[in-house]
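Let me begin by presenting the structure, written as structure tokens, before commenting on it.
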Amino acid sequence: MIADLCIGARPVQILDMGTQFSFLAVFCFLSVIPCWNQSQNEKGKQAILSAIKASLMIQLCMLPIFLYRYWVFSPYSVFYNLFLVTALPWIFTGSIVVIGIAAFSTGAARIAAVPVQWSIRQMLPVGKALLKLPGAVIVTGQPELWGILLYIIVLGVLSLLCYRKGFHFGRLTILLMAVGLLFRMKSGEPVVSFLSVGQGACAVIQSGQAVCVVDCGSSSRDKVGEETLLNYLHFYGYHAIDLLVVSHFDEDHRNGADELLDNGFAVRRVIFARYEDSCGEMWLKERQYQGAFDAVLAGDVYGIVSGKALVLKVLWPKSIPPTSENSSSLGILVEVGNQKLLFCGDTDADGLLAMAEECGEIDVLVVPHHGSRFSVSEEAYRILRPKAAVISCGKNNRYGHPHEETLRELGKIGARIYRIDETGAIQMKP
């Protein structure tokens, strides 16, 4: 009845995540848990087991909506919820007592509030401690609607069986196995996505179970790594990056990668250009990165085979530059599916021409230096003749990217131009 009143007064409220979770939890508590937990007046060990079972059922009921929204979950949340359920009544009661004392003496109320405040402060550290345990976060990706529907059917049928025939661990096992329906299936078809990160660059190449990230950074937005890129990876069910390519170490190509490495996100291999000052190796040392890495030059080749082949050929730089700068940006030719994509970082016109002479015609050019005129090479464009040109830059950026000269020269060769500042994120399926 309360739900009818709330939604009737403001129908859009049904779309609110808090509303969905609240009413679903109440429905589970009133309708589902009694089917699975029919014993009364339990004591001791049985009471503890029943409490764990009830917490588990609430989690299993809410899991479809939770995963549809967040794409990850923690198996330890069952025990954390038990901790919260146990602590909250004491905190609520203590708060009422403090309010009552405050009516007579604010000084005494401050003293009485100390244990209540202490109890509240313990909740967050307990949650953080649980997240440090092995297997604390499981990435499922956003489940397909058919998977959610099948899961709900299984939950309903098993709940009905428990209601009629009593609880049985075999039925609980089947329900836990049905959680697999909520894991997003990774397509074997390759996908290339250029994320919207403002004045910066970030591309994600998916090929079956494998995922490669080329650059991640922005000079106009914060947290493009731990929010924009991480959310994308979690949405598609990836818990690790197989290969991270850093074209150079300007912040608009790198600071999002800093966030991922600093927060311990799994990156299996990192590649960057080889420099005389070893700035790439020092960068990884600062991040306390323990995985594999390679400092590369033109001629190096990397292959990731998962679903369809994903091959990366390093085209630039050809010799070891002194340090990381625009002209020494890593240039790579990516072959995925039936397409060739050229990533150039912020290389200049000479570097672009050298890459063009090496690789010939391509399908997609990731326009160097966010469309700057200083990276335009008419001769390189004529050699490459890309069908599509992707420009990653921020809307109304202070550099005026992309420059008119760049757009004009790309237009001359008939390339279809995709500007992330105008369209937002771009996804291609080679």
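Of VAL98, VAL390, VAL78, the residue with the greatest mean-square motion in the GNM of the chain, using alpha carbon springs below 10 Å, is VAL98. Taking label positions 7 Å along the Cα-Cβ direction at both LEU149 and GLU276, the computed distance is 6.5 nm, reported to one decimal.
Taking the Cα centre of the stretch 191-428 as origin and assigning +1 to Lys and Arg Cβ atoms and -1 to Asp and Glu Cβ atoms, the resulting dipole is close to 720 debye. Rounded to the nearest 20, the size of the Cβ-charge dipole of the chain about its Cα centre is 2300 debye, with Lys and Arg at +1 and Asp and Glu at -1.
Looking at CYS393, ALA273, ALA108, which one has the Cα that reaches farthest to the positive end of the dipole of the chain (charges on Cβ: Lys, Arg +1; Asp, Glu -1)? The residue sitting farthest along the positive end of the dipole is ALA108. Annotation for the stretch 349-428 versus the stretch 248-304: alpha-carbon center distance of 25 Å. Once the Cα-Cα distance is subtracted from the 0.36 nm per residue extended length, the ALA129 to VAL311 segment shows a gain of 61.5 nm. Gain on full extension, evaluated as 0.36 nm per residue between PHE29 and SER95 minus their Cα-Cα distance, stands at 21.2 nm. DSSP beta bridges fully contained in the stretch 191-428 are about 60 percent antiparallel.
The three principal axes of the Cα atoms in the stretch 191-428 give end-to-end lengths of 46, 38, 36 Å, sorted in falling order. Taking the charge dipole of the chain about its Cα centre, with +1 at Lys and Arg Cβ atoms and -1 at Asp and Glu Cβ atoms, the residue from ILE413, HIS403, CYS202 reaching farthest to the positive side is CYS202. Applying the criteria of a DSSP loop state and at most 12 other Cβ atoms within 10 Å to the trypsin sites (Lys or Arg not before Pro) of the stretch 50-155 yields LYS132. Here Kirkwood radius over Cα pairs in Å was calculated from the structure, and among (i) 24.3; (ii) 22.6; (iii) 25.1 it sits at label (iii). With Cβ to Cβ distances under 10 Å as the rule, what net charge do the other residues near LEU341 carry (K, R +1; D, E -1)? Its environment carries a net charge of -1. The chymotrypsin sites (Phe, Trp or Tyr not before Pro) of the stretch 328-404 that DSSP puts in a loop, and whose beta carbon has at most 16 other beta carbons within 10 Å, are TYR399. With 0.36 nm allotted per residue and the present C-alpha distance subtracted, the GLU405-LYS223 stretch has 62.4 nm of extension available. Taking GluC sites (Glu not before Pro) across the stretch 238-315, the ones in a DSSP loop with at most 13 further Cβ atoms lying within 10 angstrom of their Cβ are GLU276. For the pair ALA103 and ARG269, what calculated FRET efficiency results from E = 1/(1 + (r/R0)^6), where r is the Cβ-Cβ distance and R0 = 56 Å, to the nearest 0.05? The value I calculate is 0.30. What does DSSP give for the chain in terms of the percent of beta bridges that are antiparallel, rounded to the nearest 5? Of those bridges, close to 60 percent are antiparallel.
Please work out the FRET efficiency for the pair ALA47 and GLU286, using the Cβ-Cβ distance as r and a Förster radius of 35 Å; give the result to the nearest 0.05. E between ALA47 and GLU286, to the nearest 0.05, is 0.10.
A short reminder: the numbers here are calculations on the coordinates, not readings from a lab. What you see is a predicted model, and the numbers here were worked out from it, not measured in a lab. Don't worry about glycine lacking a Cβ; one is built from the backbone with ideal geometry, like all the others, and counts go over all protein chains shown.
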